[in-house]
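**Q** Got a structure for you, questions after.
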Amino acid sequence: MATAASQVILHPVVSQSLKFGSTTLGRDKTYRAVQYFARFFAWYLLRSGDKVDAARWNALKSHLGTARKLLRLGKPVEHLQAALRAALATGPPTEQITTIARQIAYFGFLSYDVIVWANAIKFINLNSETAKRVSKTSNRFWLAGILFSIVNSVLKTVRLTKESKQLRAAKSWGEKDVGEETQRQARLHAVKAAQAAARRQFTIDLLDVWIPATGAEVVQVNEGTLGIFGLISSLMGMQAQWKAVSK
């Protein structure tokens with residue numbers, strides 16, 4: 001009995017799950033996945049006429065959203081630091097500019113998000129019109145950040161695709177010594193990994209962009225669709241973090 005219990009409790013997947021859950025990003029992505037599933041399910045229940053259960057899932061969505069805002073209280077400064085590091089780094093100017101702009105936009109989004117959180121927990125009291133304006137501004141910054149991220153991913157993908165073709169073509173330029181070929185293969189592998197990361201981020205951004213766009217009243221997408229989009233992007237984020245902690 002003890003052996004069976006130890007095999008379950010000490011199973012590598014359980015250990016990996018604990019390691020994943022011990023990271024702030026891992027917890028946030030998990031909460032986000034549940035939050036957006038709740039958003040979708042509440043919409044589904046409302047359409048089915050089940051208002052009582054829909055209210056329960058709406059409450060879960062709201063409380064998880066508030067909890068996630070609390071976890072992000074220090075994030076604005078992180079994005080300012082990231083913007084500064086991007087400004088000091090070397091690289092393609094267009095990618096550098098879009099990276100800086102994205103980080104500044106996220107700084108604005110999360111700064112306003114603090115006000116939204118403080119009002120939600122009644123630490124401050126904003127009238128309904130002011131609260132709506134603050135929330136809308138927060139979503140506009142979030143939308144701008146995602147749009148800059150999409151442009152950055154496109155620019156990066158174009159550059160990496162061009163470099164990948166050049167590296168493949170280099171193989172036919174003639175005989176090379178072992179050292180040069182090893183370096184070429186290593187760089188090609190790194191480029192492919194960067195391409196995959198850029199494609200993943202591009203996909204996540206395309207799914208997420210509709211959430212702040214709807215919040216900023218730029219477009220109107222129903223709650224069910226937003227819930228599904230948010231759930232998929234959250235699961236993709238969880239998958240990336242799972243791989244990161246397993247290394």
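The values are calculated or read from the model by the stated rules, or taken from the named source; none is laboratory data. Just so it is clear, the model here is predicted, and its values are computed rather than measured. Virtual Cβ from ideal backbone geometry, glycine too; neighbours counted across all protein chains shown.
**Q** So Ala144 passes all but one of these: (1) touching a helix residue (DSSP H, G or I) at 6+ places or on another chain (Cβ under 6 Å); (2) touching a residue at least 24 places away in the same chain (Cβ under 8 Å); (3) closer than 21 Å to Ala67 by Cβ; (4) of a type in the set (A, V, I, L, M, F, W, C). Which condition number does it fail?
**A** The failed condition is (3).
**Q** Of the residues that make up the stretch 139-154, is at least one more than 20 Å from Thr99 (Cα to Cα), of a type outside the set (Val, Ile, Thr) and surrounded by 15 or more Cβ atoms within 10 Å (Cβ to Cβ)? Walk me through how you get there before you give the answer.
**A** The initial filter retains those residues of the stretch 139-154 that are more than 20 Å from Thr99 (Cα to Cα), namely none.
Among the residues of the stretch 139-154, not one is more than 20 Å from Thr99 (Cα to Cα), of a type outside the set (Val, Ile, Thr) and surrounded by 15 or more Cβ atoms within 10 Å (Cβ to Cβ), which makes the answer no.
**Q** What residue, of Ser153, Ser135, Ser111, Ser149, is hydroxyl-bearing (Ser, Thr, Tyr), over 22 Å from Gly74 (Cα atoms) and in a helix (DSSP H, G or I)? First the steps, then the outcome.
**A** Numbers: Ser135 fails: over 22 Å from Gly74 (Cα atoms); Ser111 fails: over 22 Å from Gly74 (Cα atoms); Ser149 fails: over 22 Å from Gly74 (Cα atoms).
It is Ser153.
**Q** Mind checking which residues of the stretch 210-247 are in contact (Cβ under 8 Å) with a residue 60 or more places away in the chain and not in a helix (DSSP H, G or I)?
**A** Ala216, Glu217, Val218, Asn222
**Q** Continuing with the same structure: Considering Ala193, Ala198, Ala244, Ala213, which residue is small (Gly, Ala, Ser), touching a Lys or Arg at 6+ places or on another chain (Cβ under 9 Å) and at negative phi? Break it down stepwise before answering.
**A** Details: Ala193 fails: touching a Lys or Arg at 6+ places or on another chain (Cβ under 9 Å); Ala244 fails: touching a Lys or Arg at 6+ places or on another chain (Cβ under 9 Å); Ala213 fails: touching a Lys or Arg at 6+ places or on another chain (Cβ under 9 Å).
So the residue among Ala193, Ala198, Ala244, Ala213 that is small (Gly, Ala, Ser), touching a Lys or Arg at 6+ places or on another chain (Cβ under 9 Å) and at negative phi is Ala198.
**Q** Could you tell me whether any residue of the stretch 77-94 is closer than 25 Å to Asn152 by Cβ, modelled with pLDDT of 95 or more, surrounded by 18 or more Cβ atoms within 10 Å (Cβ to Cβ) and among the β-branched types (Val, Ile, Thr)?
**A** no
**Q** Being surrounded by 13 or more Cβ atoms within 10 Å (Cβ to Cβ), within 19 Å of Ser233 (Cα to Cα) and not small (Gly, Ala, Ser) is true for just one of Leu25, Leu45. Which residue is that? Working first, answer last.
**A** Values: Leu45 fails: within 19 Å of Ser233 (Cα to Cα).
After applying the criteria, what remains is Leu25.
**Q** Looking at the structure I just gave you, is Ile97 free of Cβ contacts under 8 Å to residues at least 12 places away in the same chain, of a type in the set (Val, Ile, Thr) and under 20 Å from Gly145 (Cα atoms)?
**A** Details: free of Cβ contacts under 8 Å to residues at least 12 places away in the same chain: yes; of a type in the set (Val, Ile, Thr): yes; under 20 Å from Gly145 (Cα atoms): yes.
Taking the combined requirement at face value, the residue satisfies it.
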